[in-house]
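Shown next, in structure tokens, is the structure this report addresses.
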Amino acid sequence: MDKFVIKQSGSGYTFNLKAANGEVIGTGGEVYNTLDTCKKGIASVVKNAPIAAVEDQTVDGYKAEKCPKFEIYLDKAGEYRFRLKATNGEPILASEGYTAKVNCKNGIESVRKNVVDATIEVP
């Protein structure tokens, strides 16, 4: 089962979404001041991910989608990444880099399918 793992640092709280195999699928979009606001960030991912459209910015003439949406893009190293944006356009989850676009798309599908039942692990 996937899980959200909350981490506390000197400046606040962050979270990672981990797959059942322990791999990080995505990282929260910001550092939260309190544990409660971090949990609200997780709730936003849970709410938006299953209904988010996919906007593939790596193809010419891509169609701009309304938020919430997953954006697929190439980073400076030439790897594929995705970010999930909430209805207000704020990024709420970002992926690691993938060498193949199909793996990036699989990461999106994993997030969509598994966030609803994901548990939350608090320090």
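Each stretch of four or more DSSP H residues adds -39500 (n - 2.57); spread over every residue of the chain, this sum gives -7500 deg cm²/dmol at 222 nm. Relative to one another, the C-alpha centroids of the stretch 50-64 and the stretch 5-35 are positioned 25 Å apart. The 1.4 Å probe gives accessible areas that order Ser110, Ser11, largest first, as Ser11, Ser110. Our summary gives the chain a relative contact order of 27 percent, counting only alpha carbon pairs under 8 angstrom and 6 or more residues apart. Here the extension length gained between Asn21 and Cys67 equals 13.6 nm, from 0.36 nm per residue of separation less the Cα-Cα distance. DSSP assigns beta bridges within the chain; of those with both partners inside it, close to 75 percent run antiparallel. Expressed as a whole percent, the accessible surface of the chain that belongs to carbon and sulfur atoms is 48, based on a 1.4 Å probe.
Using only the Cα atoms, work out Rg/Rh for the chain, with Rh taken as the Kirkwood radius, to two decimals.
On the way: Rg = 13.9 Å, Rh = 14.5 Å.
The Rg/Rh ratio comes out at 0.96.
Remark: accessible surface ordering of Lys40, Lys66, Lys7 (largest first) is Lys66, Lys40, Lys7, probe radius 1.4 Å. The listed residues Leu35, Leu84 rank as Leu35, Leu84 when sorted by accessible area, largest first, using a 1.4 Å probe.
Here Ser9 and Asn88 are evaluated by their C-beta separation; at R0 = 25 Å the FRET efficiency comes out at 0.50. Ligands, DNA and RNA are left out, and with a 1.4 angstrom probe the accessible area of the chain is 55 Å² per residue. Checking the Cα-Cα distances for Lys40/Lys63; Lys39/Lys113; Lys39/Lys76; Lys39/Lys63; Lys18/Lys105 against a 28 Å cut-off, the pairs over it are Lys40/Lys63; Lys39/Lys76; Lys39/Lys63.
The values are calculated or read from the model by the stated rules, or taken from the named source; none is laboratory data. Note that the coordinates shown come from a computational prediction; the quantities given were computed from them, not determined experimentally. Please note: Cβ atoms are built from the backbone with ideal geometry, for glycine as well, and neighbour counts cover all protein chains shown. Just the protein is used for accessible areas: all its heavy atoms, side chains included, with ligands, DNA and RNA removed. Shrake-Rupley method; radii C 1.70, N 1.55, O 1.52, S 1.80 Å.
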